[in-house]
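**Student:** The structure follows.
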Amino acid sequence: QVQLVESGGGLVQPGGSLRLSCAASGGISSINAMGWYRQVPGKQRELVAAITSDGITNYADSVKGRFTISRDNAKNTVYLQMNSLKPEDTAVYYCNAAVTVVVGTYPRNYWGQGTQVTVSS
């Protein structure tokens, strides 16, 4: 059973930094795109950043220049380095991965359990 386990959330002051990690495990053949989404109460989950298996990245306009996504394919892990954090970055952050379990089949989307990031003084 594929699992995504996130870590690194917490409380930080405005202007501070946090690094999120998400490790995928459990019968994985390959992982295509990996990404981070966030959600606040009453709003839809939104894409923060994504990265392909080849390292091509995509960012939401609101985080460009402040957040950096990276991945370690050998460890099936994706990271999100968040700098210059703002109160509006406060949300639950979810990891997402498109995982192929059986070679020759289509990848399926998996989600982590979410980690709270709170930016407040």
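**Student:** For the range 23-33, give me each residue that is surrounded by 13 or more Cβ atoms within 10 Å (Cβ to Cβ) and among the hydroxyl-bearing types (Ser, Thr, Tyr).
**Tutor:** Hits for the range 23-33 are Ser25, Ser30.
**Student:** If you don't mind, another one. So which residues in the range 52-63 are under 18 Å from Ile28 (Cβ atoms) and loosely packed, with under 14 Cβ neighbours inside 10 Å?
**Tutor:** Ser53, Asp54
**Student:** Looking only at the range 1-45, count how many residues are under 12 Å from the mean Cα position of the chain (by Cα) and more than 19 Å from Lys86 (Cα to Cα).
**Tutor:** 11
**Student:** Quick one: is Val103 open to solvent by 40 Å² or more (accessible area, probe 1.4 Å), more than 13 Å from Arg19 (Cβ to Cβ) and in contact (Cβ under 8 Å) with a residue 12 or more places away in the chain?
**Tutor:** The answer is yes for Val103.
**Student:** Quick one: in the range 74-93, of everything that is farther than 15 Å from Val5 by Cα and not in a loop (DSSP other than H, G, I, E, B), which residue is most open to solvent (accessible area, probe 1.4 Å)?
**Tutor:** Across the range 74-93, the extreme among qualifying residues is Glu88.
**Student:** One residue is enough: does the range 64-73 have a residue meeting the conditions out of contact with any Lys or Arg (no Cβ under 8 Å at 6 or more places or on another chain), under 26 Å from Gln1 (Cα atoms) and surrounded by fewer than 14 Cβ atoms within 10 Å (Cβ to Cβ)?
**Tutor:** yes
**Student:** Here is a follow-up. Starting from the range 50-75, keep only residues that are more than 20 Å from Trp111 (Cβ to Cβ), then list their pairs with residues that are open to solvent by 50 Å² or more (accessible area, probe 1.4 Å) and at pLDDT 95 or above whose Cβ atoms are within a distance under 6 Å, requiring at least 6 positions of separation or different chains.
**Tutor:** Arg66/Asn83; Arg66/Ser84; Thr68/Gln81
**Student:** Moving on to the next point. If I ask for residues that are open to solvent by less than 30 Å² (accessible area, probe 1.4 Å), under 18 Å from Val63 (Cβ atoms) and assigned to a loop (DSSP other than H, G, I, E, B), which ones from the range 1-22 would you list?
**Tutor:** If the condition is that a residue be open to solvent by less than 30 Å² (accessible area, probe 1.4 Å), under 18 Å from Val63 (Cβ atoms) and assigned to a loop (DSSP other than H, G, I, E, B), then Gly16 is the only one that fits.
The values are calculated or read from the model by the stated rules, or taken from the named source; none is laboratory data. Predicted model only: the values in this text are computed from it and were never measured. All Cβ positions, even for glycine, are placed from backbone atoms using ideal geometry, and neighbour counts span all protein chains on display. Just the protein is used for accessible areas: all its heavy atoms, side chains included, with ligands, DNA and RNA removed. Shrake-Rupley method; radii C 1.70, N 1.55, O 1.52, S 1.80 Å.
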